[in-house]
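The values are calculated or read from the model by the stated rules, or taken from the named source; none is laboratory data. Fair warning: this is a prediction, and the values are worked out from it, not measured in the lab. Here Cβ is always computed from backbone atoms with ideal geometry, including for glycine, and neighbour counts include all displayed protein chains. With ligands, DNA and RNA removed, areas are computed over all heavy atoms of the protein, side chains included. Shrake-Rupley method; radii C 1.70, N 1.55, O 1.52, S 1.80 Å.
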Amino acid sequence: MMEDMSGIVLEACVETYEQAISVRERGAHRIELCSHLEHGGLTPEPQLFKRLKAELGIPIKVMIRPRPGNFVHSEDEIEVMVRDIARFKEMGATELVMGVLDVHGAIHLDHLAHLAAQAHPLPV
């Protein structure tokens with residue numbers, strides 16, 4: 001991983017091609033690609049990822065989040081996340097970013113373990 005002179009890795013959350021190019025030109029070492037940042041970030045479009053993967057030249061983390069709102073996901077939403085993980089893993093994502101909570105607001109360890117196993121060997 002590249003770092004600036006201070007040893008700090010600069011990462012930017014972006015949702016468009018233009019934002020990704022701009023932050024790279026301004027020194028970002030990697031990006032987190034999302035859609036709908038106004039909702040805290042959702043899974044981006046695969047076509048945008050493909051274009052950035054081909055042109056950006058820095059690592060791309062990908063948000064895996066099927067809908068806005070809380071992070072308490074139904075079994076159907078977990079399966080959507082599994083499909084998205086497979087898609088972006090196959091396309092060459094560097095890392096995946098996601099969150100899953102139980103109804104009490106704690107990390108849902110079973111769901112997270114399942115999603116992380118699907119993502120392996122990518123960091124989550």
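Table for the structure above
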| item | result |
| --- | --- |
| Surface share of carbon and sulfur [accessible, 1.4 angstrom probe, percent] for the chain | 55 |
| Efficiency of FRET between Ser6 and Glu95 - r from beta-carbon atoms, R0 35 angstrom, step 0.05 | 0.95 |
| Potential lengthening between Ala106 and Asn70 on full extension [0.36 nm per residue; Cα-Cα distance subtracted] | 11.8 nm |
| Cα centroid of the range 62-124 to Cα centroid of the range 10-41, whole Å | 20 |
| Entry for P(r) over Cα pairs in 10 Å bins from 0, in percent (calculated from the structure that is shown) out of [x] 13, 46, 32, 8, 1; [y] 13, 43, 32, 11, 0; [z] 13, 37, 32, 15, 2 | [y] |
| Ordering of 105-118, 58-71, 10-23 by burial proxy (mean other Cβ atoms within 10 Å per residue, highest first) | 58-71, 10-23, 105-118 |
| Using alpha-carbon coordinates, inclination of helix 46-55 to the longest axis of the chain, degrees | 30 |
